[in-house]
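The values are calculated or read from the model by the stated rules, or taken from the named source; none is laboratory data. Keep in mind that this is a model prediction, so the values were computed, not measured. Ideal geometry is used to build each Cβ from the backbone, glycine not excepted, and the neighbour counts take in all protein chains shown. When the accessible area is computed, the model is the full protein with side chains, heavy atoms only, and any ligands, DNA or RNA have been set aside. Shrake-Rupley method; radii C 1.70, N 1.55, O 1.52, S 1.80 Å.
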Protein chains: 2
Amino acid sequence: MGSTLGRRLPVMADVAKEAGVSHQTVSRVLNDHPNVRSETRTRVLEAIDKLGYRRNLVARALVTKHSRTLGVVNFDTTLYGPASTVYGIEQAARAAGYFVSIVSLKSIDKAGVRDALDYLSDQGVDGVVVVAPQRSAAQALADLPLGKPTVAVEGGEAGSVSVVCVDQVEGGRLATEHLLSLGHETVWHVRGPSDWLEAEGRVAGWRAALREAGREAPRPLAGDWSPRSGYEAGRSLASMKNVTAVFVANDQMALGVLRAFTEQGVRVPEEVSVVGFDDIPESEFFSPPLTTIRQDFDAVGRHSIEVLVRQLQGGPQEHERLVVPPRFVTRLSTTRVNA
Amino acid sequence: MGSTLGRRLPVMADVAKEAGVSHQTVSRVLNDHPNVRSETRTRVLEAIDKLGYRRNLVARALVTKHSRTLGVVNFDTTLYGPASTVYGIEQAARAAGYFVSIVSLKSIDKAGVRDALDYLSDQGVDGVVVVAPQRSAAQALADLPLGKPTVAVEGGEAGSVSVVCVDQVEGGRLATEHLLSLGHETVWHVRGPSDWLEAEGRVAGWRAALREAGREAPRPLAGDWSPRSGYEAGRSLASMKNVTAVFVANDQMALGVLRAFTEQGVRVPEEVSVVGFDDIPESEFFSPPLTTIRQDFDAVGRHSIEVLVRQLQGGPQEHERLVVPPRFVTRLSTTRVNA
DNA sequence: CACTCTTTTGTTAACGCTAACAACCCTTGA
DNA sequence: TCAAGGGTTGTTAGCGTTAACAAAAGAGTG
């Protein structure tokens, strides 16, 4: 009464016997070694097929020291941005022949990052992508002794590690310049949490665009990316007299802003123009459809794997910094000011 | 000029020498074997600490046949539901001491599922959670010879595999009953794609509630979960005369429906009441805030890991079916009909 | 004090694979 | 015909861990 399915899984030696060769020859066939007679190769392949053999990657990893697995450290995969980035990373990694092992952190202190890295390292990953959108995470990463090739996504100042990110400053600038070009006197800003680098970048772009146009930058309103925080900021803005244009740091908060305006009877875009950031799938169907800045998360994921794989293959040791440009998407939430 | 950091990582034998014991004793300490003198244990622990030793889990996996890694197969992690489920799975798995390796599929045919399972199996995962919301995926799973403990999330009729899912029928019923209780003569439905089990379940619940109330079920409008498909359905509905209540199969489509209604001058909820499904973070800030059915994705993730771990620890061999109840969330998109 | 029984520790042999080397086969050219 | 040289195959030795057994050291008993 065999407890499981009876026969044990075939190993290389079984294939070797079946094909009448040595296990090493089987190994050679499997690894595309050039010096194998094609007739022998065929015989081995047939034996593999017949026995349903699959090579044991754990054993392989033990001797080669490569697991062909990449680690990903992330924070809150529930948000559209991180989720999309991880998706892009996963797809790109698999296309490059790597497995992906994921750790999603709740908190982002240094201890958390270290633990995650240790955890992945124990498991034998060949390299790591850390999605580190918060200053603390980026800092932790910079401070940590990294035993393996590592790429930071949205990870700040580079230096000790390669970075792939979207040009947030440019995005903030695009949004603001668009609003100014429509004739708005100034542009208000609902910003993301100060601990987030992306939030800082967008603020910086907004500030720069205003400064270059010779305008005063109003005090930005604080948000935490959530629709609710946008809603609250929206209520504040609705109660002010001179607001005609708002750049909101992400689409979710923009939704909250729109909701608050609707409730207060402020019409968008007739009275106030609103620009968001991210271009989540929903934005096109907000009321009104949201003008926003699109981030190509897919490209970010792809590039981060490219950079990492390049490092793994012994590429240049210097740390790269790869910046993905954002794209402006115009819809109906903005319009020319009619004075 | 050592290329990397010079010295090789310490192994068990190094620790053994340092502590003046055999490597097997070190192994025993590491595995909490009871029969180790506490003084010896301390000595070993100190040596481990001194050398910064970390055990090689790959070697361990080779001999124990357990990798303490769980595989997750998923489709489109960009959607809120799947993303949240995976997040829940990952958290629960880590809490249970397992690593998580993820494969995100684009297509969901049998070949895709088989490949994903093979891929994970090659890597040596101990068990697999397959998020299989589509009939084809569930079917593929049922047909495949599963070499490892497997749990399907939203995976259909059980039978050959354990299943954890949200009670979609009940959800559809809740939504419909709510609308009927408000005095609506009947309830229209914008459904999800027909090969999704969740879509079918919601349709079934909607039908059942109407039947039990002795009402005719109108022909459901087809959608594909996207806001755009909801928008198109909404335009159709807006052009009809007798529509006063709509149950939309997910919140994203509901957003599209709301948008179409707004464009056509149909007021919600005054003229038409709308109920969604999922309770994504945005729904509370739609215009109007959306009455919807909440799915506890976190619980689904947790339960799927519980079931899987139970199987891994040699629990009952019968396949379980665990159903998570949905929850009704009332907001402002529905109201009593005033005849 | 001899004897058994229980802890505690060490020794040896896998796990399934690849790397390194050795051995063999066949060409090829003198 | 033989030697040299390349292509092809086999043999051996690990990789770093745990399992199984063996040995040594204490504890308890008459």
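Before moving on, here are some points about what is shown:
- Just so you know, in the stretch B:203-233 the residues that are in contact with a Lys or Arg (Cβ under 8 Å, 6 or more places away or on another chain) and not in a helix (DSSP H, G or I) include one that is farthest from residue B:256 (Cα to Cα), and it is B:217.
- Neighbours by Cβ (under 9 Å, 6+ apart or cross-chain): first from the stretch A:224-246, on the phi > 0 side of the Ramachandran plot; second open to solvent by 40 Å² or more (accessible area, probe 1.4 Å) and of a type outside the set (D, E, K, R): A:225/A:79
- All told, residue A:146 meets the bar of being of a type outside the set (Asp, Glu), touching a strand residue (DSSP E or B) at 6+ places or on another chain (Cβ under 9 Å) and surrounded by fewer than 23 Cβ atoms within 10 Å (Cβ to Cβ).
- Flag for residue A:94 being at the interface with another protein chain (Cβ under 10 Å from one of its Cβ atoms), of a type outside the set (Val, Ile, Thr) and more than 12 Å from DNA strand D (Cβ to nearest atom): yes
- Within the stretch A:82-92, not a single residue is of a type in the set (Val, Ile, Thr) and surrounded by fewer than 22 Cβ atoms within 10 Å (Cβ to Cβ).
- Beta carbons closer than 7 Å, at least 6 apart along the sequence or on distinct chains, pair a first residue in the stretch B:59-74 that is within 9 Å of DNA strand D (Cβ to nearest atom) with a second that is outside any loop (DSSP other than H, G, I, E, B) for B:59/A:62; B:61/A:58; B:62/A:58; B:62/A:59; B:62/A:62.
- Scanning the stretch A:52-67 for residues that are more than 11 Å from DNA strand C (Cβ to nearest atom) and surrounded by fewer than 21 Cβ atoms within 10 Å (Cβ to Cβ) yields a single hit, A:52.
- Residue A:79 vs. criteria touching a residue at least 60 places away in the same chain (Cβ under 8 Å), more than 8 Å from DNA strand D (Cβ to nearest atom), out of contact with any Asp or Glu (no Cβ under 6 Å at 6 or more places or on another chain) and open to solvent by 30 Å² or more (accessible area, probe 1.4 Å): yes
- Total residues in the stretch B:22-51, condition near DNA strand D (Cβ under 8 Å from one of its atoms) and among the small types (Gly, Ala, Ser): 1
- Candidates A:63, A:72 - the one that is within 30 Å of residue A:152 (Cα to Cα) and more than 9 Å from chain B (Cβ to nearest Cβ): A:63
- Criterion applied to A:304, A:333 was being part of a loop (DSSP other than H, G, I, E, B) and in contact with a Leu (Cβ under 9 Å, 6 or more places away or on another chain), and the one residue passing it is A:333.
- Qualifying position, being closer than 22 Å to residue B:192 by Cα and either crowded, with 16+ Cβ neighbours inside 10 Å or not assigned by TED's automatic domain parsing to the domain that holds residue B:84 (or both), among B:252, B:311, B:264: B:252
- Odd one out for residue B:87 among (1) within 12 Å of DNA strand D (Cβ to nearest atom); (2) within 9 Å of chain A (Cβ to nearest Cβ): (1)
- Annotation: residue A:240 fulfils all but one of (1) in a loop (DSSP other than H, G, I, E, B); (2) within 14 Å of chain B (Cβ to nearest Cβ); the unmet one is (2).
- Matching residues in the stretch A:283-308 - criterion: being open to solvent by less than 10 Å² (accessible area, probe 1.4 Å) and farther than 24 Å from residue A:202 by Cα: A:305, A:307, A:308
- Candidate set from the stretch A:267-282 (those that are buried (at least 24 other Cβ atoms within 10 Å of the Cβ) and hydrophobic (A, V, I, L, M, F, W, C)); member that is nearest to the other protein chains (Cβ to nearest Cβ): A:280
- Conditions (1) assigned to a helix (DSSP H, G or I); (2) closer than 19 Å to residue B:168 by Cβ; (3) open to solvent by less than 50 Å² (accessible area, probe 1.4 Å): number failed by residue B:200: (3)
- Looking across the stretch A:25-41 at every residue that is among the hydroxyl-bearing types (Ser, Thr, Tyr) and open to solvent by less than 70 Å² (accessible area, probe 1.4 Å), the one that is farthest from the other protein chains (Cβ to nearest Cβ) is identified as A:40.
- Check on residue B:113, surrounded by 22 or more Cβ atoms within 10 Å (Cβ to Cβ) and within 16 Å of DNA strand C (Cβ to nearest atom): no
- Helices (runs of 4 or more DSSP H) contained in the stretch A:1-94 and holding at least 1 residues under 28 Å from residue A:306 (Cβ atoms), at pLDDT 90 or above and not assigned by TED's automatic domain parsing to the domain that holds residue A:131: A:23-30, A:57-64
- Lone qualifier among A:290, A:312 - being aliphatic (A, V, I, L, M), within 27 Å of residue B:286 (Cβ to Cβ) and more than 14 Å from the chain's Cα centre (by Cα): A:290
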